[in-house]
Amino acid sequence: MLAKISGGIVAIILALSVAQPLHAEVTAAAVDESIKRGVEYLLNRQDRASGAWAEYKGEPGGLTALITLALLNCGAAKDHGEQINAALDYLEKIELPQQTYSTSLQIMVFAQADPVKYKLRIGKLAGWLETHQITDAGNDTKGGWSYRSKDARADNSNTQFAMLALHEAERAGVKVQDRTWQLALNYWTQLGMQHPNGGYGYERGHPPSGSMTCAAIASLIIAYDRLSEGEAKVADGRIQCCGNQDSREPLDNALKWMTNHFSVDRNPSAGIGPLQTGGSPNWLLYYLYGMERVGRMSGQRFIGDHDWYREGCEKLLKHQKDTLNDSWVGDGIIENDPLVATPLALLFLSKGRRPVVIGKLKHQPDAIGGSLDWNHHARAIQNLTMRIEKKWQRDLSWQTIDFTLKRPAPNAAGKPVGETFGVTPADLLEAPVLFLSGESDLNFTPEQKKTLKTYVESGGFIFAEACNGNGCDGAAFDRDFRALMKELFPDSELRKLPPDHAVWYAQEKVNPKHLPPDPEFWLWGLDACCRTSVVYCPRSLSCYWELAHAYRESQHPEAIRNQIECVAAIGVNVVSYATARELKSKLDRPQIAVSNPGGKSPRGALVVAKLAHGGGDDDAPSALNNLLAVMEQQLQMRVDYEKRMVSPTDAKLFTFPLIFLHGRRSFSFSPAERKSLKDYLDRGGFLFADAICANKEFADSLRAELKKIYPDASFARIPPSHEMFTEELGGFRLQSVTLRDPQIRDDRDPLTARLTQTTPLLEGLEINGRITAILSPYDLSCALEKGVSLECKGYIPADAARIGANVLLYALQQ
């Protein structure tokens, strides 16, 4: 006979807790709280009469602009609009400043606050910067900017600020002359400006430093992106792709310098004299502000093997904790003023936390002297991200993930004895969408294939293209990608997505008549883990995205513009579908489902098997293990992750105190299976069921099958006051949860889901005074797999996990 788990065994499970980390990592909540305290510090020191902060002599509006820029990026306008508006009014009333720093900061402030409202002001300020760029051929700093005069010598700090400002001005719709950008690029790439080791100093001949190398990197990215034609071109009324890739050697060398000299404890240097030790505490916060820009603009989540944002946050939060008034104070002149140091710290924390919306997979090592097959149309992902930002009306970031990374492989004594594949599924899950592109063969190792499969099974989404057609030859990539998908997901297949699939309208409806005139230009999809988890195009999308510059005016013929807009809309739609516009915090660690096939079950562990049936019994393969991870990590229970699928007539069924089943199709049991299930439930077994994506056919099938087993019993809603929804059993309080409900739309609106606060809807089947089965008619499994869908009615991931955990705790204590 099946024995119910006793309170003693439950106590053992609860007592055998998992080990807690020795070092508490910085969290998104901690960063939010730090930002809040820093914002309050600055606002409390604003002069309420003028709206300004005490300015530095010779830089009217400079400090107020710096602080206001930080406050805007921290979102302070939402709760402190009156004070922010007072600061903007103060800045707007200043006569055009005559200094590079204050002029540049004002442009960035007005562009961040309201680029439409302040466009005229931005244009005037940008005009001042253009006319004060050094253009004298006799000046060896031609192309840069000085503090105020075009007749003085330029320096790298002022030049960086001017270029950042002009970049924001163009994003706001202000035209900046090509000549300005070309002169600026020439300034950074002139002979002697960059050290042979790749670093930059404050001026030519000065020792390189982290802050000035960051300044150079950001400036070079802006100039190259503005002036480079890229691989995609329009010639003779036709789009041509996969052209010559631009050489950006100064930028590449500067990035290598940063990798070799990375630090969050000091402003690094490889200079001479007092900086020979490797860096200085002076200008640390200015350097961190620059580092954030480097990471964000270059799409690098890691500088070398350093998670620059996480490490920088840890440094800054400890630094703030050591002060008495929630500010930051740096070393040396200027930064020892908390009104300078605090906004610099806040700019790092706030801008660096912009969530990642897409990651580009570097699936091949860099070719020496050759093209980067993984990086055709290099600006495409950046352009797509900027378009998504406009559509979603929020700041976002993108990143590159090096899938060729190797890490030291230690021996039993911990000493490195070689290298091993260094990318984990958790690394990939830092990006909710993984973009895979190329022309050539795909030669993934078994470890890489396993990582990609786990990425998808843990909620990730692959968006792939073959760079094929219009000058590209991606036949090899197309062949290998299709074979890869068949190998990784043998139970699914790539299929042409029908015109009514959400990828064609999730954000904006695609007009098929504007698709490129190529019969092979279509989207294919592979269904895995509750949704279409892979979208593939056998023709190049990135070519069109590279041409879809977010703020550069198109001069192409109308038919070409329509094609570019159509393909850009496809990119936004796929990302919107894949993410449901819901992104994780940059500091949240992705959760990976753990499995232990054939392993020994830990003593006293919770073991849950899945019931086999014909209605999609494993269509969300990671859902159960992700739920078990919640039991382990949040409720400190020992769990067994080994996957166990049992049929209703399997004798092993009676060894499990509770069984989980889910599906998304109709099914039925045989008479023998019904008899076995009745015996199982009558002997104290428990059934926990979930309708994947709120599938009505599955839910109705389960109700009908149990009605056949127990004709006198029916499923009924479990009242919200039930102990299952409280903390009484050691779980979570569930008086209010968030339900995602897809909305009916018309062709003009994006596909959306309404989020409503409600009480959990669970149905229970009571037999002889005991609830023996629980059904969630709304989705839990897709949410547990993090595979959120705009078309799926169900609970958000956090609430799905809490509901599932409470049901398991209830079942264990019956």
Mean separation of Cα contacts under 8 Å (6+ apart) over length of region 292-343, as relative contact order % | 18
Which whole-number percent of Cα pairs in region 297-348 have a distance greater than 14 Å?
-> 57
Would you tally the net charge around residue 585, using a Cβ to Cβ cut-off of less than 12 Å, leaving residue 585 out, and scoring K and R as +1, D and E as -1?
-> +2
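Relative contact order of region 669-814, please, whole-number percent, based on alpha carbon pairs below 8 angstrom and at least 6 residues apart.
30
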Restricting to the chain, compute how many DSSP beta bridges are antiparallel as a %, nearest 5.
-> 50
Over region 441-511, what relative contact order in percent results from Cα pairs under 8 Å that are six or more residues apart?
-> 27
Could you quote the convex hull projected area for region 592-705, Cα atoms only and averaged over all directions, in nm²?
-> 7.4
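Counting only heavy atoms of the protein chains, get the accessible area per residue of the chain (1.4 Å probe) and round it to a whole Å² value.
Result: 41 Å² of accessible area for each residue.
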Environment charge of residue 51, counting only residues whose C-beta is closer than 15 Å and scoring Lys/Arg +1, Asp/Glu -1 = -2
With the convex hull built on the alpha-carbon atoms of region 75-130, volume per residue in Å³ sits at 75
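Using only the alpha carbon atoms of region 14-160, find the Kirkwood hydrodynamic radius as the inverse mean reciprocal pair distance, in angstroms to one decimal.
Computed over region 14-160, the radius equals 17.5 Å.
Given 0.36 nm per residue, what is the gain on full extension from residue 636 to residue 553 after removing their alpha carbon distance, in nm?
On the way: separation 83, 0.36 × 83 = 29.88 nm, distance 5.67 nm.
Fully extending the segment from residue 636 to residue 553 adds 24.2 nm.
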Place a +1 charge on the Cβ of each Lys and Arg in region 475-522 and a -1 charge on the Cβ of each Asp and Glu, then give the dipole magnitude about the Cα centre in debye, rounded to the nearest 20.
-> 140
What are the extents of the Cα atoms of region 57-98 along their three principal axes, listed from largest to smallest and rounded to whole Å?
-> 32, 16, 13
Under a point-charge model restricted to the Cβ atoms of Lys and Arg (+1) and Asp and Glu (-1), what is the dipole moment magnitude of region 58-133 relative to its Cα centre, in debye to the nearest 20?
-> 180
Mind scanning 360/486; 124/391; 150/390; 509/793; 93/391; 315/584 and naming the pairs with a C-alpha gap bigger than 24 Å?
-> 124/391; 150/390; 93/391
Could you name the aspartates and glutamates whose alpha carbon sits less than 13 Å from that of residue 708, not counting residues in the same chain fewer than 8 places away?
-> 673, 700
Cleavage-rule hits (trypsin sites (Lys or Arg not before Pro)) in region 747-814: DSSP loop, at most 15 neighbouring Cβ within 10 angstrom = 748
Once Rh is set to the Kirkwood radius over Cα pairs, what Stokes-Einstein translational diffusion coefficient, in µm²/s, holds for region 304-389 at a temperature of 4 °C and a viscosity of 1.567 mPa s?
-> 80
Cα-Cα pairs above 22 Å in region 422-513: how many percent?
-> 38
What whole number of Å gives the distance from the Cα centroid of region 21-60 to the Cα centroid of region 320-361?
-> 8
Are there cysteines in the chain with no other Cys C-beta under 4.7 Å, and if so, which?
-> 74, 214, 313, 529, 537, 566
Taking every C-alpha to C-alpha distance in region 155-300 and binning by 10 Å from 0, the per-bin percentages run 11, 40, 32, 13, 4, 1
Overall Cα dimensions of region 508-564, principal axis frame, Å, largest first = 43, 26, 20
Carbon and sulfur %, accessible surface of region 183-263 computed with the full protein complex present, 1.4 Å | 46
Let me know the whole percent of all Cα-Cα pairs from region 160-222 that are separated by more than 16 Å.
-> 45
Counting Lys and Arg as +1 and Asp and Glu as -1, what is the net charge of the other residues whose Cβ lies under 14 Å from the Cβ of residue 480?
-> -3
For region 740-814, taking Cα atoms only, what is the radius of gyration to one decimal and the Dmax to the nearest whole Å?
-> 15.2, 54
Among 730, 149, 66, the residue whose Cα sits farthest towards the positive end of the charge dipole of the chain (+1 at Cβ of Lys and Arg, -1 at Cβ of Asp and Glu, taken about the Cα centre) is 730
Give me the percent of DSSP beta bridges within region 674-814 that run antiparallel, rounded to the nearest 5.
-> 75
Based solely on its DSSP helices, what 222 nm [θ] is calculated for the chain when runs of n ≥ 4 H residues each add -39,500 (n - 2.57) and the sum is averaged over all residues, nearest 500 deg cm²/dmol?
-> -12000 deg cm²/dmol
Average silhouette area of region 105-231, convex hull of alpha-carbon atoms, in square nanometres = 8.1
Please give the per residue volume of the convex hull enclosing the alpha carbon atoms of region 453-611, rounded to a whole number of Å³.
-> 166
Might you report the magnitude of the Cβ-based charge dipole of region 633-700 about its Cα centre, with Lys and Arg at +1 and Asp and Glu at -1, to the nearest 20 debye?
-> 40
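The values are calculated or read from the model by the stated rules, or taken from the named source; none is laboratory data. Keep in mind the model is a prediction, meaning the values are calculated, not measured. As a convention, Cβ positions derive from the backbone with ideal geometry for all residues, glycine included, and neighbour counts pool all protein chains shown. Just so you know, the surface numbers come from the protein's heavy atoms only, side chains and all, with ligands and any DNA or RNA stripped out. Shrake-Rupley method; radii C 1.70, N 1.55, O 1.52, S 1.80 Å.
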